[in-house]
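All remarks here apply to the structure that follows.
What follows is calculated from the coordinates using simple rules that are stated; it is not laboratory data. Predicted model, so just to flag it, every value in this text is computed and none were measured. Note: ideal-geometry Cβ built from the backbone for every residue, glycine included; neighbour counts use all protein chains shown.
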Amino acid sequence: MRKRFKVMLRIILVLIILIAIILAVYFFLPKNNEMVYKEIDKIDTYGYVLEDRDNKIMQDVFQKLKGLLNSDNIDYNLYAEYLSELFIIDLFTLDNKNSKYDVGGCDYVLPDILDNYKLNVTDTLYKYLENKDGSKTKNEYPIVSKISLQSIEDAKYSYNNEENNAYKLVLEWDYEKDLGYYRKGEVIVMLKDDHLYVVSFKGVE
């Protein structure tokens, strides 16, 4: 009887362990339609993150910005240029986004306006973006392949009833394949506590 009891006890323990493993997998691992991306670089003080899904042009500009921000003397014109380029590349490279809610460019936007920014993008530019599960989607999406600064000028931006120093930049960019998205735009970045933030974007026909 004791031997039989021990066998039953072992079977019950094995079943409990298996159930615990199944529950852990179900509740804690991402579902099939949730792509997980690895952080491959970061500019700590500024919170800018580079992921393994970011393409080469994004990685190249990120390294330029990282080198600049780690230097003793920061050229804010260059800071504004690199930040704006990263913002555009991330925003208009839709091919690596999981869904309409996986909005690009968020690292570079002023936190106070981030919710409005996301809402605007999901309702417009990302409105018809498919939910992805890691498989090939039926639709094609843009990938920014080249970007260049056309002009930059000092500006003022009104925020919280204060005039803040800012930069107005005009940029042009190309895609791996032209799918009819904007190829030129104006970005305004504002200086706040020694950091620059994107506060405005508008496409230019």
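Of the peptides 140-149, 43-52, the ranking by mean beta-carbon count within 10 Å, highest at the top, reads 140-149, 43-52. When the alpha-carbon atoms of the range 35-119 are used, the pair Rg, Dmax equals 12.9, 39 angstrom. Close amide-amide hydrogen proximity is noted between Y48 and I43, each under 5 Å apart and 5 or more residues distant or on a separate chain (H modeled in the peptide plane; Pro and chain starts excluded).
Principal-axis analysis of the Cα atoms of the chain puts helix 2-28 at an angle of about 10° to the longest axis. The spread of Cα positions in the range 86-130, taken along each principal axis and listed from longest to shortest, comes to 28, 21, 13 Å. The eigenvalues of the Cα gyration tensor, multiplied by 5 and square-rooted, give the chain an equivalent ellipsoid with semi-axes of 45, 21, 16 Å from largest to smallest.
So what is the calculated 222 nm ellipticity per residue for the chain, using -39500 (n - 2.57) for each DSSP H run with n of 4 or more, over all residues, to the nearest 500 deg cm²/dmol? Could the numbers behind the result be given before it?
Numbers: 4 runs with 68 residues, N = 205.
Result for the chain, helices only: -11000 deg cm²/dmol.
Dividing the C-alpha radius of gyration of the range 131-205 by 2.2 N^0.38 Å, with N its residue count, gives 1.44.
Stretching K38 away from D178 to a fully extended chain increases their span by 47.6 nm, per 0.36 nm per residue minus the current alpha-carbon distance. Quick one: angle between helix 114-123 and the longest Cα principal axis of the chain, in degrees between 0 and 90, rounded to 10, please. Taking the Cα atoms of the chain, the angle to 114-123 is about 80 degrees.
Pairs from the table (K38/K168; K56/K132; K118/K192; K132/K156; K138/K168) lying more than 31 angstrom apart at Cα are K38/K168; K132/K156; K138/K168. Once the mean of 1/r is taken over each pair of separate Cα atoms and inverted, the range 39-83 shows a Kirkwood hydrodynamic radius of 10.8 Å. Classified by the C-alpha gyration tensor, the range 95-163 has an oblate form. Its axis ratio a/c, with a ≥ b ≥ c, is 1.5 or above, and a/b does not exceed b/c.
For T45 and R10, the difference between the fully extended length at 0.36 nm per residue and the C-alpha to C-alpha distance is 7.3 nm.
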